[in-house]
Amino acid sequence: MAGSFEFVVTRKNPVLVAPMSETPKGLYYLSNLDQNIAVTVKTFYYFESKSKTNQDSYNVIKKSLSEVLVHYYPVAGRLTISPEGKIAVNCTGEGAVLVEAETSCGIEMIKEAISENRMEMLEKLVYDVPGARNILEIPPVVVQITNIKCGGFILGLCMSHNMFDGVAAAEFLNSWCEMAKGLPLSLQPFLDRTILQPRKPPKIEFPHNEFDEIEDISGTGRLYDEEKLVYKSFLFQPQKLEKLKTMANEEYFNSNNKVTTFQALTGFLWKSRCEALQFKPDQRVKLLFAADGRPRFIPPLPKGYCGNGIVLTGLVSSSGELVGNPLSRSVSLVKNVVELVTDSFIRSAIDYLEVNQTRPSMTATLLITSWSRLSLHKLDFGWGEPIFSGPVGLPGREVILFLPGLDDTKSINVFLGLPASAMKVFEELMKI
């Protein structure tokens, strides 16, 4: 088996790609929903062009990036701390970071690294800003283009979650592709995030368990420190998803109270992860998921809203409550919380963050985020969609990512990392 030490990526010096024309300067407001998720998200896309050389493709990507940054000018700035002590953007116009690189290894080795989820190899396809100590020192968009010996190249992206949620990131990437193809923007970004300012005075109308501090009484932190983190993905095809829904429905719900695929799968994964990590029965455990607030706001957020429209919604239970009961118990807890996410809940969360200026604690927590409806795998700069694409690692060790299954839109690929011993148990629990 190929060892990761053979996978060498040689990078040239990074360059800054500034907006093609003059853009507004000054401090740009980020909402409390943007404050909440101070992580970067890394993805990769493998392209092969029959008509263009890698150098031509690089030039197209670089030029169209400078064009799209005119429309999305805050992305060309840098994160900073505002006079109020919050994360904001200093619109400097200095631009995105672009790095050209090459690797002597062939695409087969990279495919093998992907199929085995060897993140230490895939990490080399995305540029890490050297010496960056925190999110403020990482530009909002960092691009690496790695030319492959046997043809084609990999686009590796590192994007700030303070700037974009999944929907906004997908819209930004689509706009970038349109620029590359010489097309007008089909969707103008809506940049004014002050529409999500807190109310004056703030009104906290819900308990917001998503921010509960939990004590680790099960030694899980130590397990993560001592063992290697193993990444795996599990494909849930329609019949397996139906089976989960049936299991959840028949044990608990009457026929008028059907559960959705998301609720059944989330309940199943939460219960299974508690079991795999061997939490003590009285360990308090938290589930968080990113609910898309865009359609739930009254009125809905404007089309093209460039920012975080997602709100982290959470519930707290005990591990024993989940593991010791039928699946329907976990699923019913999830169902109740999903239905809570309304305009007043999200505005209450925004106000809660204004009063408490806190981030959700992640002890004994599972955070589920779904990319299964984002069309990230359809990026087309003019030479066709990527042959394959995916995430590089996860934004946090507590995260489970729902990805679209191959060509079948109804399948869901579940991607996560667990300490090696827990992953062994988890793999067995996935065989239903």
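Overview of results
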{"quantity": "Highest-fluctuation residue, Ser51, Ser344, Ser317 considered, GNM on the chain with Cα pairs under 10 Å", "calculated": "Ser51"}
{"quantity": "Most fluctuating residue given options Met247, Met179, Met159, as computed from a GNM of the chain linking Cα atoms under 10 Å", "calculated": "Met247"}
{"quantity": "The chain: mean projected area of Cα convex hull, nm²", "calculated": "21.4 nm²"}
{"quantity": "FRET efficiency, 1/(1 + (r/R0)^6) with R0 60 Å, evaluated for Lys25 and Glu242 via beta carbons", "calculated": "0.65"}
{"quantity": "Farthest positive-ward along the chain dipole, Cα basis, beta-carbon charges - from Ser186, Leu312, Gln283", "calculated": "Ser186"}
{"quantity": "Over segment 274-369: Rg over Rh, Cα atoms, Kirkwood Rh", "calculated": "1.03"}
{"quantity": "Pairs of alpha carbons in segment 91-140 whose separation is greater than 18 Å (percent)", "calculated": "48 percent"}
{"quantity": "Ser375-Glu112 pseudo-label distance in nm [points 7 Å out on the Cα-to-Cβ vector]", "calculated": "3.6 nm"}
{"quantity": "Chain lengthening between Ser82 and Lys424 when straightened (0.36 nm per residue, less Cα-Cα)", "calculated": "118.6 nm"}
{"quantity": "Signed unit charges on C-beta, dipole axis of segment 1-138, positive-most listed residue Gly106, Tyr29, Tyr46", "calculated": "Tyr29"}
{"quantity": "Estimated [θ] at 222 nm from DSSP helical runs (n ≥ 4, -39500 (n - 2.57)) normalised by residues in the chain, nearest 500", "calculated": "-9000 deg cm²/dmol"}
{"quantity": "Carbon plus sulfur fraction of accessible area for the chain, probe 1.4 Å, in percent", "calculated": "52 percent"}
{"quantity": "Among Lys286, Lys62, Lys303, residue whose mean-square fluctuation peaks in a GNM of the chain (springs only between Cα atoms under 10 Å)", "calculated": "Lys303"}
{"quantity": "Where a label projected 7 Å from the Cα of Ile298 along Cα→Cβ would reach, residues of segment 343-361 with amide N under 20 Å", "calculated": "343-352"}
{"quantity": "Extreme residue, positive dipole direction of the chain, given options Gly390, Pro299, Met121 (C-beta unit charges)", "calculated": "Pro299"}
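The values are calculated or read from the model by the stated rules, or taken from the named source; none is laboratory data. For clarity, every value in this text was computed on a predicted model and none was experimentally measured. Note that each Cβ is placed from the backbone with ideal geometry, even for glycine, and that neighbours are counted across all protein chains shown. The accessibility values were calculated without ligands, DNA or RNA, using every heavy atom of the protein model including side chains. Shrake-Rupley method; radii C 1.70, N 1.55, O 1.52, S 1.80 Å.
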